[in-house]
Amino acid sequence: MDAPRVTPTIADPKIRRVVFFASDSSATVLPQPQQLPETHPSGNRHVASGSFDPSENPNLATAIEKKEEVPQSSSKPLKAKTTKAERRALQEAQRAAKAASKGEGSKAVTESDRAAPVKSIKQSSEKKGGPSYASGATDKKAGDRPLEKDRKKDAPPPQSQFDDKSRMEKARKRAAVNPTESRNRVELFQHLPQYEHGTKLSNVESKFFNLGLVHPAVLEVGLRYSAGDISGGNARCIAMLRAFQDAIRDYCTPPEKVLVRDLTSKINSYVSFFTECRLLSMSMGNAIRFVKSRIVNLPLSHSEFEAKAALCSDIDRFINEKIILADKVIVRHAFTKVKDGDVLLTYGVSCVVEMILLYAHELGKKFRVVVVDSRPRLEGQALIRRLVAKGMSCTYTHINAVSYIMHEVTRVLLGASAVFSNGTVYSRVGTSCVAMVAHAFRVPVLICCEAYKFHERVLLDSICSNELGDPDAIAKVAGRMDVNYLNNRASEDNLKLLNLMYDATPSDYVSVIVTDYGMLPPTSVPIIIREYQREHLLL
Amino acid sequence: MWWRSASFIMDRQQNKNDVALKDSNPNPNPKISAYYETRAAHHGVVTTDWLAQAQAATGPDHEPQPQARPDPFSVIDEFNKWRKQPHLAEAVAAIRALAAVIRWSEASTMMQLEMELKKASDSLKSWDTTSISLTAACDLFMRYVTRTSALEYEDFNSAKSRLIERAHKFGEISHKAFPVLSARKVIAMLSQDFIFDGCTILVHGFSRVVFQVLKLAAQNNKLFRVFCTEGRPDRTGLRLANELAKLNVPVKILIDSAVAYAMDEVDMVFVGADGVVESGGIINMMGTYQIALVAHSMNKPLYVAAESYKFARLYPLDQKDLAPAIRPIDFGVPIPSKVEVESSARDYTPPQYLTLLFTDLGVLTPSVVSDELIQLYL
């Protein structure tokens, strides 16, 4: 990737790269921007150490953007509101342009930008879909690190906005995995990545030798994410942390660099690689935040070996205390709500819910289980197989029948991918529907969720933050050759396939959230975040 | 609704054959829960000679002052002795019993003392599993003991006396001899802003806190009238009506089934609570839930007056999710043995039907209860 770089640079004042704390550290470590192209052959490294564009790593905890008034600011006029059609046309054009200029890095932009005067403005990203969490620009002196450290704990990580063209353009150039975007993007969800399924892997393979700086363990986990081998919030989070552990063990500080800073930038580059493979979940964002805060808080007196050992044991502790032990505590708590004669309904697969069911069954409770499942993933079948093998009496049904089956259910147990501070539960698509039906039938809904998945953001709907799956998965029905009406229609212009992965359940439908801190009403989520977020970071 | 499903009926038929009803309550009299006994003793289950009983209950206050360690010492006996005092809340009785455990303890280290206390509080809790404030008070005191570690004190004896002192302070919260400290007084003062001239207040059952609130309002020369429900089968409402009539407050007695009929005229509903649970809902005398439902559907505010020691780390999901407090019900006529009688003494009111809680911690919305509990226990 060390092709000669064009330097559009300061001519484009519209964008001011928000420099995060990794960058002001690197400012001291890295050579001056002018020499950069020669000294650093790999674009990937620069992503990490140079500047942080939040669009690359949406869940980075360090990424802070402070809102600021953008009045006169940019010499270039603000992007005019265009119609959707226009923007699409523009996007197509840009995509073509991108294909042409694929090899070019954009690093130079960022570096020279950073060198430019501190005060510059990033245009607030314009979205079609909905409100954004992170917009505006930051005005940060390179010196105020402690302040920033404080802020990064409070500020939510920004969500990348995939309809912000200029940013995406840059992110794309830098990306290791460059999947083809699908042609028929669903209008309402343009801010989310919509890729042709299956293009990611081949792309990584073709670029394999350019990925030199990604640690093999990280690479493996990332590829398994994108292949769908690892799924489930906890499994993904643990796999990521283990990969970090491997990477930290094999890490050695390059000469003339400081471990704290260089390792943070390494982790950042791994995170952006993970993000390219599959969007990070909120819980992974929290775990990353933990790892980084541990790195930043390493005592300076530690030798490299000590520091690495301390980090590995910290990560071990996080996995043990926040995930494995938390699950055990949740099982104990939820078990008190299972009575003889109960009929428990669950949706999809949640490993905590499965543990609760097995535990209650082992302790001799007499209850029935209803597993509700949905296309296209049909994860529930694996669960029902395991439950039946244990001798539980089970019912398996699809979500279409949920309103029929609900009237014989006494408790609904659901897992969650994240819980937001307004009590909204973010979980596998369909959960909201099940919870709503349960609420209408006055059946209590128990959400089982470890406290490390709590997030201080507020989520109002499923649009702002979501993940889109393979659209083909809903168009095709496996094993049914006669249902082939949509087989070659995916490329038609007037057909859009939407395969959402997650949805948001309003707190009204949730009776109780079972966490490692006990059973709490959804209104107490912000209290737990307030009281324990710091502890999460410091452990 | 679930019992209508065919599969469930089949399950039930199967279960009937092999599952015998187990009673986990170690209370010797399974017909009446101990919780209810205390309640009956304090509030007077009103019969024809209810006046005489009420008189006896409000008689002169004599505190038993144990001089020597009773042999064999039992925390339950101690607790029973305290709970016989009419003005003393069950929670306070429990704390005093635990204080007595500390006093008579022969432990020589803090660890031993803690273990002894733990055993005592466990036996108290298991003696009556149905009482929420008893459990809450035991937990709260244990929390205090474990939190104030012995390291803070120079020697064991001063730590011990510190704990006893603390227990006494706790007792004073609900003691009528110390009106300044009393939680009920604080609650009464807080709630005065909510009672306006000319309002009509619906009250359910007899609650000492609610009575204190109304009494203070009457003393402040507020003009209001009170609707008392009858409170079958204990007729605790009658007792409240009597007490209020003594204060020259206009009172009207309703039968329990007339609540919806009278709700039009009501401006606010006041109830006490046996326990305030983590969700922010309350557990209170049977009938509170239906009054809350009626009040909610007619957009009338429902206020709960409860001391903070009634906050319990429980989370009932529905009515059946509680250990039922069984009580006898006298229907006046013999009931055929085949007819089942619903004899639970209390119900659970979910938080969405409550407007505000008046506690000695301040006026709280239901969702703050969990906040307070988290800060207390975690």
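The values are calculated or read from the model by the stated rules, or taken from the named source; none is laboratory data. No experiment lies behind these values; they were computed from the predicted model shown. Note that we place each Cβ from the backbone using ideal geometry, even for glycine, and neighbour counts take in every protein chain shown. For the accessible areas, the whole protein counts, side chains as well, though only heavy atoms, and no ligand, DNA or RNA atoms are used. Shrake-Rupley method; radii C 1.70, N 1.55, O 1.52, S 1.80 Å.
Listed by first and then second residue, the pairs with beta-carbon distance under 9 Å, at least 6 apart or on different chains, first residue in the range B:351-378 and open to solvent by 10 Å² or more (accessible area, probe 1.4 Å), second at pLDDT below 85 and not in a helix (DSSP H, G or I), are B:360/B:182. For residue A:457, the conditions (1) without any contact (Cβ under 8 Å) to a residue 24 or more places away in the chain; (2) more than 23 Å from residue A:412 (Cβ to Cβ); (3) in contact with a strand residue (DSSP E or B) (Cβ under 9 Å, 6 or more places away or on another chain) all hold with the exception of (1). Among the residues that make up the range B:112-126, is at least one of them outside the structural domain of residue B:325 (by TED's automatic domain parsing), within 23 Å of the chain's Cα centre (by Cα) and outside any helix (DSSP H, G or I)? No: zero hits.
When each of B:338, B:320 is tested for being surrounded by fewer than 17 Cβ atoms within 10 Å (Cβ to Cβ), within 14 Å of chain A (Cβ to nearest Cβ) and not polar (S, T, N, Q), the lone residue that passes is B:320. If you check A:236, A:289, A:294 for being open to solvent by 20 Å² or more (accessible area, probe 1.4 Å) and assigned to a helix (DSSP H, G or I), only one passes: A:294.
Confirm whether residue A:472 is modelled with pLDDT under 85, within 28 Å of the chain's Cα centre (by Cα) and either within 20 Å of residue A:374 (Cβ to Cβ) or hydroxyl-bearing (Ser, Thr, Tyr) (or both). Judged against the criteria, residue A:472 is a match.
Of the residues A:310, A:401, A:360, only one is over 32 Å from the mean Cα position of the chain (by Cα) and assigned to a helix (DSSP H, G or I); which? Even if it seems obvious, please write down each step before you answer.
Working: A:310 fails: over 32 Å from the mean Cα position of the chain (by Cα); A:401 fails: over 32 Å from the mean Cα position of the chain (by Cα).
After applying the criteria, what remains is A:360.
One line per residue, one yes/no per condition, for (1) within 14 Å of chain B (Cβ to nearest Cβ); (2) surrounded by 15 or more Cβ atoms within 10 Å (Cβ to Cβ):
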position: A:452; (1), (2): no, yes
position: A:457; (1), (2): no, yes
position: A:464; (1), (2): no, yes
position: A:472; (1), (2): no, yes
position: A:478; (1), (2): no, no
position: A:495; (1), (2): no, no
position: A:499; (1), (2): no, yes
position: A:502; (1), (2): no, yes
position: A:520; (1), (2): yes, yes
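When A:269, A:231 are checked against the criterion of being outside any loop (DSSP other than H, G, I, E, B) and hydroxyl-bearing (Ser, Thr, Tyr), a single residue qualifies: A:269.
Taking the criterion of being touching a residue at least 24 places away in the same chain (Cβ under 8 Å) and buried (at least 16 other Cβ atoms within 10 Å of the Cβ), the only residue of the range A:480-493 that qualifies is A:490. Taking the listed residues A:451, A:416, the one that is under 20 Å from the mean Cα position of the chain (by Cα), over 23 Å from residue A:189 (Cβ atoms) and not assigned by TED's automatic domain parsing to the domain that holds residue A:238 is A:451, with no other qualifying.
With respect to (1) under 23 Å from residue B:317 (Cβ atoms); (2) more than 10 Å from chain B (Cβ to nearest Cβ); (3) surrounded by fewer than 24 Cβ atoms within 10 Å (Cβ to Cβ), the lone exception for residue A:508 is condition (2). Taking the range B:291-378 as the region of interest, the strands (runs of 3 or more DSSP E) fully inside it that hold 2 or more residues being out of contact with any Cys (no Cβ under 7 Å at 6 or more places or on another chain), at pLDDT 90 or above and among the aliphatic types (A, V, I, L, M) are B:302-305, B:356-359, B:362-364.
Per-residue answers, yes or no, for (1) touching a Ser or Thr at 6+ places or on another chain (Cβ under 7 Å); (2) more than 24 Å from residue A:355 (Cα to Cα); (3) in a helix (DSSP H, G or I):
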{"site": "A:442", "(1), (2), (3)": "no, yes, no"}
{"site": "A:459", "(1), (2), (3)": "yes, yes, no"}
{"site": "A:466", "(1), (2), (3)": "no, yes, no"}
{"site": "A:473", "(1), (2), (3)": "no, yes, yes"}
{"site": "A:478", "(1), (2), (3)": "no, yes, no"}
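A Cβ distance below 7 Å, combined with a sequence gap of six or more or placement on separate chains, defines the contacts here; from the range B:84-101, residues that are open to solvent by 10 Å² or more (accessible area, probe 1.4 Å) reach residues that are at pLDDT 70 or above and among the aromatic types (Phe, Trp, Tyr) in the pairs B:96/B:82.
Being out of contact with any Leu (no Cβ under 8 Å at 6 or more places or on another chain) and within 14 Å of chain B (Cβ to nearest Cβ) is a property that residue A:330 has. If you go through the range A:271-286 and keep only what is open to solvent by 10 Å² or more (accessible area, probe 1.4 Å) and out of contact with any strand residue (DSSP E or B) (no Cβ under 8 Å at 6 or more places or on another chain), you end up with A:275, A:276, A:278, A:279, A:280.
Picking from residues in the range B:301-317 that are in contact with a Gly (Cβ under 6 Å, 6 or more places away or on another chain) and more than 14 Å from chain A (Cβ to nearest Cβ), the one that is most open to solvent (accessible area, probe 1.4 Å) is B:310. The number of residues in the range A:383-436 that are free of Cβ contacts under 8 Å to residues at least 40 places away in the same chain, of a type in the set (Ser, Thr, Tyr) and more than 14 Å from every other protein chain (Cβ to nearest Cβ) comes to 0. Among the residues of the range A:441-450, at least one is within 14 Å of another protein chain (Cβ to nearest Cβ) and open to solvent by 20 Å² or more (accessible area, probe 1.4 Å).
For the range A:341-351, the count of residues that are more than 14 Å from chain B (Cβ to nearest Cβ), modelled with pLDDT under 95 and surrounded by fewer than 19 Cβ atoms within 10 Å (Cβ to Cβ) is at least one. Give B:268, B:298, B:286 a once-over and let me know the one that is touching a residue at least 12 places away in the same chain (Cβ under 8 Å), farther than 26 Å from residue B:125 by Cα, away from chain A (no Cβ under 13 Å) and open to solvent by 50 Å² or more (accessible area, probe 1.4 Å). After applying the criteria, what remains is B:298.
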